[in-house]
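J.: Quick one: this structure, given as structure tokens, is what I'll be asking you about.
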Amino acid sequence: MITPSRRSLVAGLAASLLVPGSVRAAAPPAPADQTGRAEVPGGTVWWRRIGSGPKLPILLLHGGPGMGHNYLLPLAALADERPVIFYDQLGCGQADSPADESLYTVQRAVDEVDAVRHALGLDRIVLYGHSWGSMLAIEYLCQDRGAGVEKLILSGALASVPQAMAGQERLIDAMPQDGGKRLHALEAAHQESSPDYAKLVEQFYDLYVCRRKPLPLEAAESLAIVAKSIAYRVMNGPNEFTITGIIKDWERRPDLGHITTPTLITRGEFDEVTIDCQQAIQHGIAGAQLHSFKGCSHLSMNEKPAEYVAALRRFLA
């Protein structure tokens, strides 16, 4: 235990080591960090708010459905200027996961965004969506729910699941060493539970979902969450390129003109959501900007976090 007299001695020794005339810089205070739960249609969700700066809060909609907020944690770097709000959507992570499959719909997810905004008093926000979260953000604004949404960021974005599925088929066909042919042969033989099929799924993920190895901790946590998420199974399907769930026919390309919010679209050079999907959004939303991260795939925020956050800062400024 350090007594008061010893504490004074330590302080005096530390002061004697300072260069004359120098000033010891005070460490910046850690940003405010709060967690809680919000009532939403179907149950409760877990949220986390980091930062309390004066700029507009940014509300983050994670992908999946069912990925959880974890992989988006690099965006906490924005909390030096503004509140950054993460939440786990119903059916994954620290949110409730009701067994009633009828709850997991696009419309309920849209209503959930409103419920979270109301619970946290988020009248004016920047809205961010990644992957499925970009779909959710687009759907939210196309339903005229966007009052108070002053800027929009769509990452790894798509406005049409059929278009995205067609792009994924092209990526599968381009897999090295005839990986795509072998994958489809195993599917035709109903061997999706075989070790060989699992290896080919992993190869697709290594090429087009996250190219950084070892896998960053936040990305690994989210991939573990989505693997057991009821929301993912019901809404998406068994994996990233086999979309058999209720979102498989979702289409909003004809309605993008309803969105007038200043918009940034981001993608990775090797994104599993192919560039034609982001270009369709750019053409549909007047004035939208498109930024691509070289050497990255779908999880650009985990592959090049500093570069990713810097691009968001430029847009938000």
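The values are calculated or read from the model by the stated rules, or taken from the named source; none is laboratory data. Values in this document were obtained by computation on a predicted structure and should not be read as measured data. Glycine gets a Cβ as well: all are built from the backbone with ideal geometry, and neighbour counts include every protein chain shown. Just so you know, the surface numbers come from the protein's heavy atoms only, side chains and all, with ligands and any DNA or RNA stripped out. Shrake-Rupley method; radii C 1.70, N 1.55, O 1.52, S 1.80 Å.
J.: What pairs from Lys55/Lys304; Lys248/Lys304; Lys151/Lys294; Lys199/Lys248 go past 28 Å between their alpha carbons?
T.: Violating the 28 Å limit, Cα to Cα: Lys248/Lys304.
J.: Taking the Cα-to-Cβ direction at Ala286 and at Asp173 and moving 7 Å from each Cα, how far apart do the two end points lie in nm?
T.: Taking the two extended label points, one gets 3.7 nm.
J.: May I pose another question? Using 0.36 nm per residue of separation minus the Cα-Cα distance, give me the extension gain between Gln191 and Gln34 in nm, one decimal.
T.: 51.9 nm
J.: Below 8 Å between Cα atoms, with a sequence gap of 6+, how large is the relative contact order for the chain in percent?
T.: About 19 percent, as a whole number.
J.: Still on this model: Going by accessible area, probe 1.4 Å, with all protein chains left in place, what is the ranking of Lys181, Lys213, Lys151, Lys248, largest first?
T.: Lys181, Lys213, Lys248, Lys151
J.: Here is a follow-up. Let me have the 222 nm mean residue ellipticity of the chain computed from DSSP H runs of 4+ only, each contributing -39500 (n - 2.57), with the sum over all residues rounded to the nearest 500.
T.: Using -39500 (n - 2.57) per qualifying helix, the result is -11500 deg cm²/dmol.
J.: Wrap a convex hull around the Cα atoms of the chain, take a quarter of its surface area, and give that in square nanometres.
T.: With the hull built on Cα positions only, its mean projection is 21.4 nm².
J.: Just add up the charged neighbours of Val45: K/R +1, D/E -1, any other residue whose Cβ is under 9 Å from the Cβ of Val45.
T.: Residues near Val45 contribute -3 overall.
J.: Roughly how big is segment 202-317's charge dipole about its Cα centre, with Cβ charges of +1 (Lys, Arg) and -1 (Asp, Glu), in debye to the nearest 20?
T.: Here segment 202-317 has a charge dipole of around 240 debye.
J.: Quick one: of the DSSP bridges fully inside the chain, what percent are antiparallel, nearest 5?
T.: 40
J.: Give me the percent of accessible area attributable to carbon and sulfur for the chain, probe 1.4 angstrom.
T.: 57
J.: Taking every pair of distinct Cα atoms and averaging 1/r, then inverting, what Kirkwood hydrodynamic radius in Å comes out for segment 135-217?
T.: Hydrodynamic radius (Kirkwood, Cα only) of segment 135-217 equals 15.5 Å.
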